[in-house]
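A short reminder: the numbers here are calculations on the coordinates, not readings from a lab. Since we're looking at a predicted model, the values are computed, not measured. All Cβ positions, even for glycine, are placed from backbone atoms using ideal geometry, and neighbour counts span all protein chains on display.
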Amino acid sequence: MSSSMDCVSSKDKQETASPAKSPWWTSETVAVVTGANRGIGHALAARLAEQGLTVVLTARDEARGEAAAAALRARGLRGSVRFRRLDVTDPASVAAFASWVRDDLGGLDILVNNAAVSFNEIDTNSVEHAETVLRTNFYGAKMLTEALLPLFRRSAGTSRILNMSSLLGLLNKLRDPALRRMLLDESSLTERDIEAMVSRFLAEVADGTWQGQGWPAVWTDYAVSKLALNAYSRLLAARLAGQGVAVNCFCPGFTRTDMTRGWGKRTAEEAGRVAAGLALMPPGDLPTGKFFKWSTPQLYSKL
Ligand SMILES: NC(=O)c1ccc[n+]([C@@H]2O[C@H](COP(=O)([O-])OP(=O)(O)OC[C@H]3O[C@@H](n4cnc5c(N)ncnc54)[C@H](OP(=O)(O)O)[C@@H]3O)[C@@H](O)[C@H]2O)c1
């Protein structure tokens with residue numbers, strides 16, 4: 001793996017992942033998408049169902065999730081769409097979901113950790129809900145990933161995890177040099193270090209001292225959650241190297257969804273289509289430990 005989570009253009013990969021060319025998946029291939037009742041997750045689930053996979057559309061709210069799944073089924077997409085309730089912040093919900101994946105589906109092939117929250121307007125930087133943001137975007141994705149890891153089928157390099165992340169969480173946004181050094185040093189970085197960083201941030205939020213400490217300046221709590229998710233993804237990719245599960249991150253860029261209050265450069269459908277292209281990359285092309293950024297034409301690193 002590279003020494004840092006590289007930022008890679010999705011454009012070329014998207015083309016090589018063209019579903020029309022000898023797809024590696026079948027209708028038995030199971031893709032789980034969290035937070036898929038709306039926004040990018042919903043569009044991504046639709047695209048995966050269009051490609052003929054079995055898609056597990058998850059949502060924390062039963063009624064919203066059922067309605068979102070019914071809307072996809074009504075479109076007559078090739079793949080089957082299953083709905084399952086899942087609140088990624090709730091250990092009981094995560095455990096029940098993992099049991100269902102094991103008992104009813106016999107495992108999974110693709111996990112997209114998409115569910116996330118941000119409570120900021122475009123131009124504000126409140127950390128009032130920092131605990132919820134970290135609990136959802138980082139700890140939730142991590143808890144679900146760890147619960148599902150034993151259930152990946154791990155056949156012929158097809159197992160993959162795609163973590164929906166953000167450029168706001170790249171290391172160049174972190175202004176504390178000691179923390180940057182810690183996150184960059186893969187030989188010594190541990191999950192405990194990442195969690196200690198998150199705990200320190202939340203403690204500073206709680207006692208009102210978080211400003212001026214070198215945290216990312218924009219949407220700080222959200223940025224810290226994605227910073228932690230990126231770092232965890234890198235460690236996980238290294239941990240699973242040679243074990244048949246790839247782990248990558250993807251930033252869809254500024255997309256018009258509820259999260260951005262409808263602001264953005266592209267639609268959720270456009271972002272979902274690119275995310276699906278990454279989730280469906282052919283086994284031979286599939287990297288691990290990478291950070292994909294929307295449509296930047298060349299390979300470069302922002303770390
Ligand atoms: N939009 C952008 O410009 C942008 C840019 C970079 C990265 N991203 C990332 O892309 C992903 C999708 O974002 P989006 O813009 O589509 O957001 P969105 O429209 O706000 O949708 C977020 C989804 O996450 C779900 N969710 C929130 N908390 C949850 C929980 N505890 N358990 C399960 N589901 C939960 C929401 O469910 P409810 O309906 O129940 O609230 C909703 O389905 C996120 O990871 C986001 O960070 C987005």
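Below, the figures for the structure above:
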| read-out | value |
| --- | --- |
| Amide hydrogen neighbours beyond the local backbone of VAL56, cut-off 5 Å, H modeled | ALA31, VAL32, VAL33, ARG82 |
| Residues ARG78 and GLU269, FRET efficiency given R0 of 22 Å [Cβ-Cβ distance, rounded to 0.05] | 0.80 |
| Cα-based helix-to-principal-axis angle, 191-206 vs the chain, degrees rounded to 10 | 60 |
| Calculated log₁₀ intensity ratio I(q)/I(0) where the Debye formula runs over C-alpha points of segment 92-210, q = 0.16, 0.21, 0.22, 0.23 Å⁻¹ | -0.95, -1.32, -1.37, -1.42 |
| Residue with peak Gaussian network fluctuation, the chain [Cα springs, cutoff 10 Å], from ASP185, ASP221, ASP87 | ASP185 |
| Tilt relative to the chain, helix 62-74 - C-alpha long axis, 0 to 90 degrees, to 10 | 50 |
| If the convex hull is drawn through the Cα atoms of segment 7-287, its volume per residue in Å³ | 125 |
| Structure-based [θ]222 nm, the chain - -39500 (n - 2.57) summed over DSSP H runs of at least 4, per residue, nearest 500 | -11000 deg cm²/dmol |
| GNM flexibility winner over the chain from ALA231, ALA96, ALA268 (Cα, springs under 10 Å) | ALA96 |
| Rounded to 10°, Cα long-axis angle of helix 268-279 versus longest principal axis of the chain | 80 |
| 3J(HN,Hα) from dihedral phi, segment 173-181, Karplus parametrisation 6.51/-1.76/1.60, rounded to Hz, x for glycine, proline | 8, 8, 9, 8, x, 5, 5, 4, 4 |
| Gain upon complete extension [THR190, GLN211; 0.36 nm per residue less C-alpha separation] | 5.0 nm |
| Under-5 Å amide H pairs with TRP24, H placed in peptide plane, nonlocal only | none |
| Listed residues ILE161, ILE122, ILE110, most fluctuating in the chain (Gaussian network, C-alpha, under 10 Å) | ILE122 |
| Amide hydrogen neighbours beyond the local backbone of VAL247, cut-off 5 Å, H modeled | ILE161, GLY289 |
| Karplus (6.51, -1.76, 1.60) ³J(HN,Hα), θ = phi - 60°, over segment 246-260, in Hz, Gly and Pro reported as x | 8, 10, 9, 10, 9, 9, x, x, 6, 10, 6, 9, 4, 4, 9 |
| For segment 52-60, 3J(HN,Hα) per residue [Karplus equation, 6.51 cos²θ - 1.76 cosθ + 1.60, θ = phi - 60°, Hz, x = Gly/Pro] | x, 7, 8, 10, 9, 8, 10, 8, 7 |
| Net +/- balance of residues flanking GLY140 in space, Cβ distance below 9 Å, scoring K and R +1, D and E -1 | 0 |
| Separation between Cα centres of segment 45-100 and segment 174-208, rounded to whole Å | 34 |
| Loop trypsin sites (Lys or Arg not before Pro), segment 197-303, which have at most 14 other Cβ atoms in a 10 Å radius of their Cβ (DSSP) | ARG261, LYS265 |
| DSSP-defined antiparallel bridges as percent of all bridges, the chain, nearest 5 | 5 |
| Spin-label proximity, SER126 to segment 18-62 - amide N less than 19 Å from point 7 Å beyond Cα toward beta carbon | none |
